[in-house]
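The values are calculated or read from the model by the stated rules, or taken from the named source; none is laboratory data. From a predicted model like this one, the values you see are computed outputs, not experimental measurements. Here Cβ is always computed from backbone atoms with ideal geometry, including for glycine, and neighbour counts include all displayed protein chains. Surface areas here come from the heavy atoms of the whole protein model, side chains and all, with no ligands, DNA or RNA. Shrake-Rupley method; radii C 1.70, N 1.55, O 1.52, S 1.80 Å.
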Amino acid sequence: MNPWIVLTSVAALLFYFATSANVAVQRRKHGVMAPAMSGHDMVERAIRVQGNTLEWIVIFLPALWIFSVYWGGSVGAVLGLVWIVGRIMYMLGYMRNVTGRGPGFGVQALATFILLGGAVVGAIRALSAG
């Protein structure tokens, strides 16, 4: 596997870990102990950021890996970094104000759809050539 894709994948996983740590920080700060999932708006936002990141990472990572097989690790890594930046924007926007999550969500969704589309196109092209 391409080392750029490995590093991008690790960076995405570290970001996911950071969202988990943010939940713990918000729980302690606002006195909302597990297993409670509600009780303070900031805890609920942190939990939602973590959950949404988990929902998307299971699509993003395989799409990144498959895309990179057909289009190269450098291009895949750049799109992967765009995804991570989008997720950071999403987290920061959502933690500030729930209506602030839109731009980051759009950035990461676009990066994911490009990766997923590129994976499909690459596979179809490989079948046609084969």
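Can you tell me the relative contact order of the chain? Whole percent, Cα pairs under 8 Å, sequence separation 6 or more. All intermediate terms of the calculation are to be shown ahead of the outcome.
Working: 141 pairs, mean separation 32.6, N = 130.
After rounding, I find 25 percent.
Carbon and sulfur: what percent of the chain's accessible surface (1.4 Å probe)?
73
So for the chain, taking the charge dipole from beta-carbon charges (+1 Lys/Arg, -1 Asp/Glu), which of Leu7, Asn52, Ile66 sits furthest toward the positive end?
Result: Asn52.
In debye, nearest 20, what is the charge dipole magnitude of the stretch 1-64 about its Cα centre with +1 on Lys and Arg Cβ and -1 on Asp and Glu Cβ, if you could check?
About 200 debye.
For the pair Glu55/Val6, report the inter-label distance in nm, with labels modelled 7 Å from Cα in the Cβ direction.
Rounded to a tenth, the inter-label distance reads 3.3 nm.
Can you give me the Cα centroid spacing of the stretch 1-49 and the stretch 60-118 in angstrom?
Using only Cα atoms to place each centre, the spacing works out to 17 Å.
Is the stretch 48-94 best put as rounded, prolate or oblate by its Cα gyration tensor, with a ≥ b ≥ c the root eigenvalues, rounded for a/c under 1.5, and otherwise prolate when a/b is larger than b/c, oblate when not?
Judged from the Cα gyration tensor, the stretch 48-94 comes out oblate (a/c at least 1.5, b/c at or above a/b).
Lys and Arg at +1, Asp and Glu at -1: add these up for the other residues within a Cβ distance under 15 Å of His30 and post the number.
Value of the local net charge: +3.
Is there a quick way to get the dipole size of the stretch 1-120? I mean about its Cα centre, with the Cβ of Lys and Arg at +1 and of Asp and Glu at -1; what is the value in debye to the nearest 20?
340
With unit charges on the beta carbon (Lys/Arg positive, Asp/Glu negative), name the residue among Ala77, Ser20, Ala109 whose Cα is farthest towards the positive pole of the charge dipole of the chain.
Working it through, the farthest residue towards the positive pole turns out to be Ser20.
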